[in-house]
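Encoded as structure tokens, the structure appears first; notes follow it.
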Amino acid sequence: MTESAIKPRSPGGFWTEFCQHPVAVAAACVVIAVTLLAIFAPLIAPQNPYDLAGLALRDARRPPGFVGIGGYTHILGTDSQGRDLFSAILYGLRISLQMGLLAGAVAFSIGALVGSAAAYIGGRVEAFVMRLVDLQLSFPAILLAFVVAALLGQGKFQLIIALTFSQYAYFVRTAHGAASAECNKDYVEAALSIPMSGWFVVTRHILPNTLPPLIVVATVQVASAISLEATLSFLGVGLPPTEPSLGMLISGGFQYLLSGRYWISIYPGIALIVLVMAINIVGDQVREQLNPRLKK
Amino acid sequence: MTDPVLKVTDLYTHFETQTGTVKAVDGISFHLNRGEVLGLVGESGSGKSITGFSIIGLIDRPGQIKGGSIKLEGRELVGLAEDGLRHIRGREISMVFQDPMMTLNPVLTVFEQMAMALRAHENVSNTEARARCIQALRQVRIIDPQQKIDFYPHQFSGGMRQRVAIAIALLHRPKVIIADEPTTALDVSVQAEILVEVKSLVAELGISLIWISHDLATVASISNRIAVMRYGKIVETGPAAEVLGAPAHPYTQMLLNALPSRSRPGQLLATQESHKPGGESKTAGWIEQKSPNFVSVKHVVKKFERATGLWSRIGVKLNLMQPPKAVLAVNDVSFTIAQGEALGLVGESGSGKSTLGRIVCGIYHPTQGEIKLDGASVVSACQRGRKLTTKVQMIFQDPFASLDPRRTIGQSIAEGPIAHKLTTRANARDYVARWLEAVSLDRAMADRYPHQFSGGQRQRIAIARALAMRPDVIVCDEPVASLDVSIQAQILNLLLTLRSEFGLTLLFISHDLGVVRHLCDRIAVMYRGQIVEVGSAESIFEAPKQPYTKMLVDAIPKLISKRPALQDA
């Protein structure tokens with residue numbers, strides 16, 4: 001009786017269950033669609049916003065539907081430099097997703113390894129690492145990211161460091177919690193009795209078994225990394241103007257909001273909200289399915 | 001004896017699952033006479049618990065009673081609405097479950113829980129409820145019930161908790177009590193006490209009892225009649241002495257023959273594959289005992305200290321706090337095992353036998369003392385000692401927990417030999433196949449995950465993993481405790497043959513003296529962290545020197561016991 005309860009579900013079962021929730025499926029479709037749009041932005045976008053020669057200041061701040069000097073319709077209007085907003089959003093999504101995923105992946109790897117190693121080693125090392133994490137978590141993530149980004153300066157690489165730095169602690173926490181439970185299980189003892197090395201036990205036994213909660217955290221953290229990046233770029237400490245992310249587009253249109261030229265800020269904002277929300281909904285559903293405690 | 005109290009005819013309880021209908025109870029009929037104890041025996045999955053749940057009307061979805069009738073004194077229970085069932089439950093039929101820790105509410109005192117059960121069917125004042133609960137506790141031989149009634153469940157031992165559960169079941173003087181494996185979670189000595197008490201209670205109160213168990217021996221010692229279940233059907237039913245003395249059905253015969261206590265020590269047990277006991281194994285004296293001190297354990301002490309934080313240390317220094325109590329799990333234990341010998345380590349739960357096993361295997365570092373294998377230390381000397389040898393391997397109690405659920409069994413078996421250069425990554429498949437075949441599993445199974453196997457198969461895999469390290473010594477920590485009798489017999493046979501085939505030295509830890517006697521040459525008895533007696537298997541059983549050993553040996557339920565005047569109750 002107990003055996004069937006702890007039986008890990010097959011991947012097939014996971015998707016079958018996932019597909020029973022229309023909202024989650026819709027959100028997943030949005031995430032996939034946005035990702036595809038971002039990947040194929042150069043093919044889809046009517047204009048290359050990096051190509052300065054293609055920009056005409058005459059077309060700046062035109063409303064949606066305006067037919068520009070290049071002969072094509074700017075369906076979402078243009079921004080203060082005369083860039084086609086739809087193209088800029090597509091390229092912005094590309095950068096935002098890139099930043100979010102990269103920062104999430106780096107934070108995930110560092111956090112998972114540090115967390116499960118701390119749980120395995122125990123004693124003072126564990127206490128030190130976990131208190132450090134607690135200390136860091138007591139500061140708002142935006143503040144930490146802001147300080148680090150400001151210290152390192154602008155640039156993609158610097159931004160990833162800043163985002164990772166403000167996010168890895170969540171992964172350490174989660175990995176540590178899951179790994180502490182795994183460390184007491186018989187199979188870890190069985191591996192140690194062979195004896196297998198600590199490194200092997202952590203990377204091959206403990207880590208794979210702590211993945212489900214980490215995946216949940218990862219989805220939520222990617223979403224928050226994207227919005228964090230947008231915030232930093234909006235504040236001007238994120239990416240350089242040569243890498244126009246969604247945050248920078250929003251900030252670029254901010255000053256025109258009250259003068260009626262709403263589209264410059266609103267459309268990138270909507271894109272950002274849709275992306276972050278869709279990722280969060282998918283993450284919620286994944287958590288519901290992977291966390292046995294939420295099961296009825 | 002007139003009409004039976006309970007009459008079950010053609011009962012079908014089915015579970016509709018995604019993969020098809022599971023016929024948990026598949027057309028069973030039996031009856032229960034007044035004052036009678038009916039033993040319901042079967043292996044896991046035979047439907048014996050579901051039968052109990054069906055009678056008391058606690059079948060959850062997707063389970064459903066598909067047909068048949070359950071008559072309590074002529075009243076039909078099948079098809080009764082939830083309301084009607086609630087009137088009967090607890091008052092006319094009550095149930096005692098396997099684990100009292102799970103069934104008692106940890107945040108309520110015993111009195112609060114008993115009063116709740118009492119008020120479910122009766123309106124009673126507080127003082128009256130109290131008096132009746134104390135009376136009920138006294139009935140199940142709880143000493144000092146006036147005080148104990150205000151205790152919380154965690155303040156009781158396992159046996160006492162089960163007594164409380166029985167007391168609650170008895171509160172309304174039900175006509176029928178269904179006891180589902182009530183002593184399985186208890187130590188053998190506690191089990192013996194409870195069996196005696198339940199027996200006398202049944203005689204005293206004239207209750208009818210259905211005793212559900214997987215253990216033929218406990219059922220034999222308490223029941224008037226026995227029904228043997230398999231695959232949801234009753235294969236044999238009859239008076240206890242008849243069923244056990246002259247079983248008619250081959251399955252009952254197989255169950256009986258699979259019991260280690262029924263065959264000569266060292267002999268292969270009868271299993272499903274071979275109904276006749278197999279040939280004499282070569283264990284007895286197959287190896288000239290090369291080194292009498294092959295494994296030597298000297299003055300081993302293991303203290304478990306709770307980790308102390310900075311604040312509690314300051315607190316202790318300032319005399320504001322008590323220093324945390326260290327648990328002395330193993331207290332100055334010394335013994336030796338000769339090469340090729342099997343030493344049984346028996347003791348009740350909490351005696352430190354598992355801790356000692358883990359120390360011998362090098363998983364725990366002893367606080368003091370040393371363990372040597374063939375003259376070499378098992379763990380290095382430093383505080384966080386590392387295990388130095390691969391020559392001691394371990395088999396755990398729960399084979400499912402001891403296999404990594406996310407690795408195929410092939411990976412699990414191969415990881416140790418690859419890391420210790422017993423094989424190469426390229427040859428690993430063949431190496432694994434060899435050991436799978438050694439434990440009679442198919443080599444094609446190497447790519448499956450642990451949850452795809454049955455309990456017995458998983459234990460074979462765990463044995464294969466231990467063997468693949470080419471050990472000299474295997475520490476077996478209750479390797480058959482979680483298995484059915486017939487599977488247990490297969491695993492014991494496997495251990496017997498492997499032992500002679502590979503010349504293994506065994507440290508066999510178990511609470512089951514029957515199993516230990518069957519497999520081991522010598523037995524060490526542990527009690528509260530110390531070894532109280534060591535001797536050859538015969539001497540421990542025939543002439544135990546220590547009173548504790550004697551008590552343990554006496555507490556083993558005997559298969560055919562003379563029943564006192566119970567039949568006339």
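Shown is the FRET efficiency for A:Phe40 and A:Leu101, computed with R0 = 22 Å from the Cβ-Cβ distance and rounded to the nearest 0.05: 0.85. The mean accessible area for residues of chain B, using a 1.4 Å probe and ignoring ligands and nucleic acids, is 44 Å² per residue.
Based on the Cβ-Cβ distance of B:His154 and B:Arg61, what FRET efficiency does E = 1/(1 + (r/R0)^6) give at R0 = 35 Å, to the nearest 0.05? E between B:His154 and B:Arg61, to the nearest 0.05, is 0.60. Size descriptors for the protein assembly as shown, from the alpha-carbon set: Rg then Dmax equal 34.0, 110 Å. When the surface is traced with a 1.4 Å probe over the full set of protein chains, B:Asp83 keeps roughly 100 Å² accessible. A cut-off of 5 Å between modelled amide H atoms, ignoring neighbours fewer than 5 places along the same chain, links B:Gly27 with B:Leu11, B:Tyr12, B:Thr13.
To the nearest 100 Å², how much accessible surface do chains A and B cover up together, summed over both, with a 1.4 Å probe? The partial results should precede the final answer.
Values: alone 15360 and 26400 Å², together 39530 Å².
The contact between B and A buries close to 2200 Å².
Using only the alpha-carbon atoms of segment A:18-294 as identical scatterers, what base-10 log of I(q)/I(0) does the Debye formula give at q = 0.09 Å⁻¹? Rounded to two decimals, the profile gives -0.51. Axis angle, to the nearest 10 degrees, between helix B:485-502 and the longest C-alpha principal axis of chain B: 10 degrees.
In terms of overall dimensions, segment B:1-120 has a Cα radius of gyration and Dmax of 15.7, 46 angstrom.
Surface composition of the protein assembly as shown: carbon and sulfur make up 58 percent of the accessible area, probe 1.4 Å.
A Förster radius of 56 Å, combined with the Cβ-Cβ distance separating A:Ser259 from A:Phe18, puts the computed FRET efficiency at roughly 0.80. Taken along its three principal axes, the alpha carbon spread of chain B comes to 71, 67, 51 Å, from the longest extent down to the shortest. What are the residues of segment A:173-197 that lose 30 Å² or more of accessible area, with a 1.4 Å probe, going from their chain alone to all protein chains? Listed in order, they are A:Asp186, A:Tyr187, A:Glu189, A:Ala190, A:Ser193, A:Ile194, A:Pro195, A:Met196.
Please work out the Cα center distance from segment B:189-239 to segment B:334-357, rounded to the nearest Å. If we compute the Cα centre of each part, the gap is 32 Å.
Rolling a 1.4 Å probe over the heavy atoms of the protein chains gives segment A:137-179 an accessible area of 45 Å² per residue. With every protein chain present, what accessible area does A:Leu152 have (1.4 Å probe, heavy atoms only), rounded to the nearest 10 Å²? A:Leu152 has an accessible surface of roughly 80 Å² with all protein chains in place.
For Cα pairs less than 8 Å apart in space and 6+ apart in sequence, what is the mean separation divided by the residue count of segment A:18-294, i.e. the relative contact order in percent? The normalised contact order for segment A:18-294 reaches 24 percent.
Overall, segment B:98-171 carries a charge dipole of about 180 debye about its Cα centre when +1 sits on the Cβ of Lys and Arg and -1 on the Cβ of Asp and Glu, all other atoms neutral. An ellipsoid equivalent to segment B:469-520, defined through the eigenvalues of its Cα gyration tensor, has semi-axes of 18, 12, 10 Å when rounded to whole angstrom and sorted largest first. Reducing segment A:58-124 and segment B:431-476 to their Cα centroids gives an inter-centroid distance of 51 Å.
The values are calculated or read from the model by the stated rules, or taken from the named source; none is laboratory data. Fair warning: this is a prediction, and the values are worked out from it, not measured in the lab. With ideal geometry, Cβ positions are generated from the backbone for all residues, glycine too; neighbour counts draw on all protein chains shown. Quick note on the areas: whole protein, heavy atoms, side chains included, nothing else; ligands and nucleic acids left out. Shrake-Rupley method; radii C 1.70, N 1.55, O 1.52, S 1.80 Å.
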